[in-house]
Structures are given as structure tokens and as C-alpha cells.
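Colleague: Mind looking over this structure? Questions follow.
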Amino acid sequence: MTEGTEFTNTKAEQIARHIDQAMQSGAKALRAGDVPSNIEALTPEWLTDVVCADHQGAVVTDFTIEHISSGTHARHRLHLTYNDVGVRAGLPATLFTKSLPTVEIRMISGTTMHVRTEGNFYTQLRPQLDLEIPHSYHTVFDTETYAGLHLLEDLVATKGASFCDFRTSITRAEAESMLSLLAGVHGHFYDDPRFTGEYKWVVPYTKWFLGGNAKLNVELSTKNTLDRAADVIPSRLIARRKDIWPATIAALKVHDERPHTFLHSDVHIGNWYKTNAGRMGLCDWQCAARGHWARDVSYTLSTALRVEDRRAWERDLLAGYLDQLQSISGQTFGAEDSWTLYRQQVLHGLMNWTPTLCPTGHLPAMQTDETSLAMIERMCTAIDDLDSLDAAA
């Protein structure tokens, strides 16, 4: 047994004991600072303390729980009932939760501190951004048990949101809207000195990637994915499969040598939504890091667009993004240099999906094989189209 595997198994056993103890005790969350072990531990008292804090006399009298999905988090919708004061205050009838009830979910989102990162984003950075990103009502996390919960805006209720997946058709205007949002985030936090101070919790992307590889063995997942998904990967890329991992490591260089900005880092099409006003929005900020903007831009376009649309639009879309990034950040970015970096960083989008198709260790099932294969096919086609292996070298 390797040292890493032994650590992982020990941590999983510790988390299992915490979950079992919470179940045996039947502990409930009663005050805002309490961290619920699972969604069933919520109470009207906890919700009142969190949701009604700014509305004297308002009380959550009851609520029901609707399960939505499970993956890196368990996701639920809460349907809330209020007293007359709460009703008159117009408090939300529904809210959305992301929680960590199981060993597998806490191993991927708790021990990696993803839940704390997302909570910090919503409480510290989100208020600075006038962009289509969900609002948070509350976030809690326990560093001993790795339990945690985010209480978020229910986008379906507030924005009539529809969530995207690989089957969603993205128009040119919608792609521009997506990159406009990214330019807003990247430009606002470009080369921000607070990354070395109050925002030190935002991990450098190189550390984030290498740490993930050590924990999840992304290199092994990539090797296995190239075998399992060979039928949907361009033959020219399969012929150079031995070059993919070295090129991925080489593509980290830009994150060490260029100014950092705040990265979402998991901007695949499944984390985007469309509002009823026609805006594109971005959720699930748990994988955030700081690094080069090309990471988010290449990952977005290579997963969101049909291959033929990406081929036709990506140069112009990148140019439009750079115009906005320059306007917001006050910096200048060379077109050809940026194009080269865009080509390189497609490799890093792929690395988010090889563990999804071929997981190792305690990873939960995060996506269907159909979704994983569709994303891998799009990104591998982009890597081949853009000669990303040579660009990284």
C-alpha cells in the first residue's frame, strides 16, 4: 500500500466515524454556526437564524426537502413556510443547498477544501461582482468532520434558469455572453495584490493541479481514459498519446510565469445556466484557483460549443474576450501570444474529465459516461485541431 493510499483510507475511516456518530446522536443544526452533518439535520430554527436575520420577527415555521442530484455535493431544494412577518418581508419561498453527507463526497469536496473555497468565494468575492452568478445566503464548514453546506439562491425560482449540458445548443451570442462574464471576473481580479494577503486562500493553479494529481492520480486516469475513450478521440492524437501528459505539465509554465487572476477552473458546459432574460450564468465555484485566464477561456469554449461552431468562432470569440479583459484590467494582451496560450490550456480542461470517466480512489460518480465521453471527445478534438501538444512544447 502506498503512503498516499494509506492516508486516503485513514481519512475516509475518520470521516465514516464522524458520520456514524452524527447519525447515532441525531444532532440537529439550531443556530447559524452549527454545521449540519446532512440535510435532515436542518431545522426551522437554523433556517430562521440564517434567512430571517435581517427581518425582525420573521420566522421559518416549516420546510420540506426536495432531492435534486448527487455528485461532488448532494444538492437539494428547500421549500420554506414563514409566519406572516416573513411572508410580508418577501423572503424566498425556495432555496438551493449543496452539502456533504457521505464519505465519498467529503473526500472529494471536504478534504480538498473545495467547500471552503466556494464558501469564501461567495462571502468575500461574489459581492464585488455585478455578474450573472448565484447569491449565497449562508455557508458553513467543519474542518474536523469535513461536513459543510452552502445555502444558495434558487436560480429556477429567481431567474427561470435552465441548466446546460452537452446537449445544449449554444448560440454565438450566448458564447459571447459566457466570455463576457469570464472577462468580468478575470479583469476585476487581474494581478490582484490581495492574493498574497486577504485572499491568500485562493490556491495557485499549479499547486491546485499538482495536488489533485497526487490525490486522485489524474495521470493514471488519463492513461485509462485514452484506452477507454479511444473510439471518440482523433486517431492523430491517439498516435501521440505518450506526449499528452508531458505537454500538460509543460502547459503549467504560464501559471508560474504570468500574472494571476481568479479562475473558476471548472467552467465546463454543465456549470453554466441560461436565465429567462437570455443571460448566461455560471455556478459551482468549488474548484476556484488563481492562475492564467486562458485556462478558463479554452475550457469553456472546448466544452460548450459544438465542434463545428468552435472551429468557426473561436478566433473571433477570443478577440472579443481580450477586448473586454483589456478594458476592465487596464492591461494589454498580444493577440498571437494569447492564441498560443489558449491552444495550450485546452489540455488542462481535459484533465478535469479523465478522472470523471476513469476515477480512482474514493471519487464518487460525478457524471454519466455519456456526458464524460461527449466532453472528452470535444476537448480531444480541440487539442488535435489546435495542435495543442506542439503549442505546449
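Colleague: For region 90-105, what are the residues that are out of contact with any strand residue (DSSP E or B) (no Cβ under 8 Å at 6 or more places or on another chain) and either crowded, with 21+ Cβ neighbours inside 10 Å or at pLDDT below 90 (or both)?
Modeller: Step one: list which residues in region 90-105 are out of contact with any strand residue (DSSP E or B) (no Cβ under 8 Å at 6 or more places or on another chain), which gives 90, 103-104.
Val103, Glu104 - these are the residues of region 90-105 that are out of contact with any strand residue (DSSP E or B) (no Cβ under 8 Å at 6 or more places or on another chain) and either crowded, with 21+ Cβ neighbours inside 10 Å or at pLDDT below 90 (or both).
Colleague: Hey, any hits in region 272-295 for a residue that's part of a helix (DSSP H, G or I), assigned by TED's automatic domain parsing to the domain that holds Pro204 and of a type in the set (Asp, Glu)?
Modeller: Quick first cut of region 272-295, residues part of a helix (DSSP H, G or I) only: 294-295.
After this cut, where a residue has to be assigned by TED's automatic domain parsing to the domain that holds Pro204 as well, the list is 294-295.
Subset that is of a type in the set (Asp, Glu): none.
No.
Colleague: Report, by residue number, each residue of region 160-200 that is among the polar types (S, T, N, Q) and either under 30 Å from Leu42 (Cα atoms) or not in a loop (DSSP other than H, G, I, E, B) (or both). Talk me through it step by step, then tell me what you get.
Modeller: Start the filter on region 160-200 by keeping residues that are among the polar types (S, T, N, Q), which leaves 162, 168-169, 171, 177, 180, 196.
Selection gives Ser162, Ser177, Ser180, Thr196.
Colleague: Could you please let me know if Arg311 is within 26 Å of Lys242 (Cα to Cα), touching a residue at least 40 places away in the same chain (Cβ under 8 Å), part of a helix (DSSP H, G or I) and within 23 Å of the chain's Cα centre (by Cα)? Full working, then the answer.
Modeller: On the way: within 26 Å of Lys242 (Cα to Cα): yes; touching a residue at least 40 places away in the same chain (Cβ under 8 Å): yes; part of a helix (DSSP H, G or I): yes; within 23 Å of the chain's Cα centre (by Cα): no.
Spelling it out, it is not the case that Arg311 is within 26 Å of Lys242 (Cα to Cα), touching a residue at least 40 places away in the same chain (Cβ under 8 Å), part of a helix (DSSP H, G or I) and within 23 Å of the chain's Cα centre (by Cα).
Colleague: Failed condition for Ala157, given (1) outside any helix (DSSP H, G or I); (2) of a type in the set (A, V, I, L, M, F, W, C); (3) within 30 Å of Ile65 (Cα to Cα), with all others met?
Modeller: In the conditions (1) outside any helix (DSSP H, G or I); (2) of a type in the set (A, V, I, L, M, F, W, C); (3) within 30 Å of Ile65 (Cα to Cα), Ala157 misses (1) alone.
Colleague: Tell me which residues, restricted to region 30-73, are buried (at least 20 other Cβ atoms within 10 Å of the Cβ) and touching a Pro at 6+ places or on another chain (Cβ under 6 Å).
Modeller: Leu42, Val60
Colleague: Something else now. Suppose we filter Val115, Val87, Val140, Val103 for residues that are touching a Gly at 6+ places or on another chain (Cβ under 8 Å), over 23 Å from Arg194 (Cβ atoms) and outside the structural domain of Val185 (by TED's automatic domain parsing); which single one remains?
Modeller: Val140
Colleague: Of (1) in contact (Cβ under 8 Å) with a residue 12 or more places away in the chain; (2) surrounded by fewer than 22 Cβ atoms within 10 Å (Cβ to Cβ); (3) not in a loop (DSSP other than H, G, I, E, B), Lys242 satisfies all except one. Which?
Modeller: Lys242 satisfies all of (1) in contact (Cβ under 8 Å) with a residue 12 or more places away in the chain; (2) surrounded by fewer than 22 Cβ atoms within 10 Å (Cβ to Cβ); (3) not in a loop (DSSP other than H, G, I, E, B) except (1).
Colleague: Also, quick follow-up: Taking Phe63 and the conditions (1) of a type in the set (Phe, Trp, Tyr); (2) touching a residue at least 40 places away in the same chain (Cβ under 8 Å); (3) in a strand (DSSP E or B), which numbered condition does it fall short on, given that it satisfies the others?
Modeller: Phe63 satisfies all of (1) of a type in the set (Phe, Trp, Tyr); (2) touching a residue at least 40 places away in the same chain (Cβ under 8 Å); (3) in a strand (DSSP E or B) except (2).
Colleague: Regarding region 182-195, can at least one residue be identified that is under 19 Å from the mean Cα position of the chain (by Cα), charged (D, E, K, R) and modelled with pLDDT of 95 or more?
Modeller: Scanning region 182-195 turns up no residue that is under 19 Å from the mean Cα position of the chain (by Cα), charged (D, E, K, R) and modelled with pLDDT of 95 or more.
The values are calculated or read from the model by the stated rules, or taken from the named source; none is laboratory data. Please read all numbers here as calculations on a predicted model, not as lab measurements. A quick note on method: Cβ atoms are made from the backbone with ideal geometry, for glycine too, and the neighbour counts reach across all protein chains shown.
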